[in-house]
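The values are calculated or read from the model by the stated rules, or taken from the named source; none is laboratory data. Only a predicted model underlies this, so the values are computations on that prediction, with no experimental measurement involved. Note that we place each Cβ from the backbone using ideal geometry, even for glycine, and neighbour counts take in every protein chain shown.
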Amino acid sequence: MSGPRALRVRLAGLTLVMLGAALAFGEDAARKAPPDPDPGLLEFLGSVDGLAEVSPDCTASAGWVMYVFVSTSWGVAPERSKSFTVADVMDPEPVTIPSGVTLLDAHEQFFGRYHWQWFAVVDSTRHFLGVVREQRVDAEISAGRPALAVGEVLEDDMPVRIGAGEPLQTLLSSEGLPRLGAMVAVDGDGILKGVVTMARVRRALRLAT
């Protein structure tokens, strides 16, 4: 069995596993400090990425299950965590790369220093322009173009943008979070307001307990 039907079956199975884990972790959280992140969540994140390529409806359902799982695993009722928005859990001062920085400087000052696979790129007014990836930077430098500006090698098709005012459920059901490990939060004018990761989500929910 393959295709959308197989993915729906897979989602149903993951739903049962995640909800069961959520209930178990919820009981643990009432008795002791929250446990370390469960490996099952990481597997689930990867599954959401695959589902997103086939069925948006499946992705939305998966997002809801993950939303319940993340909330309950840290002892926070889903009803209470509905009040969380992206702005509540994001890092408001992320490291970004100005669009005019050369690829060589980006390689040395950003990728070489932080060892991240990608960075958000902004203009002088903090408008989010896109994402630059380490692989692309290295390829351009190897091809003899180290003086190119970062703004000239942006990735256009990465699903990394989300509104800062969007609810937590929307964040968790997005394609970009499991696929890229983080999302870039912007306001209505496209100005970068922060970056949010699953680690930030867990931390925020833990503090809410």
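Observations
- Output for segment 84-134, where each listed residue is among the small types (Gly, Ala, Ser) and either under 15 Å from residue 195 (Cβ atoms) or not assigned by TED's automatic domain parsing to the domain that holds residue 197 (or both): 87, 120, 130
- Of all residues in segment 92-106 being touching a residue at least 40 places away in the same chain (Cβ under 8 Å) and assigned to a loop (DSSP other than H, G, I, E, B), the one that is surrounded by the fewest Cβ atoms within 10 Å (Cβ to Cβ): 93
- Evaluation of residue 89 against (1) touching a residue at least 40 places away in the same chain (Cβ under 8 Å); (2) among the hydrophobic types (A, V, I, L, M, F, W, C); (3) more than 14 Å from residue 182 (Cβ to Cβ) (one fails), failing number: (3)
- Helices (runs of 4 or more DSSP H) (entirely within segment 116-209) containing at least 2 residues that are free of Cβ contacts under 8 Å to residues at least 40 places away in the same chain and either surrounded by 14 or more Cβ atoms within 10 Å (Cβ to Cβ) or among the basic types (Lys, Arg) (or both): 134-142
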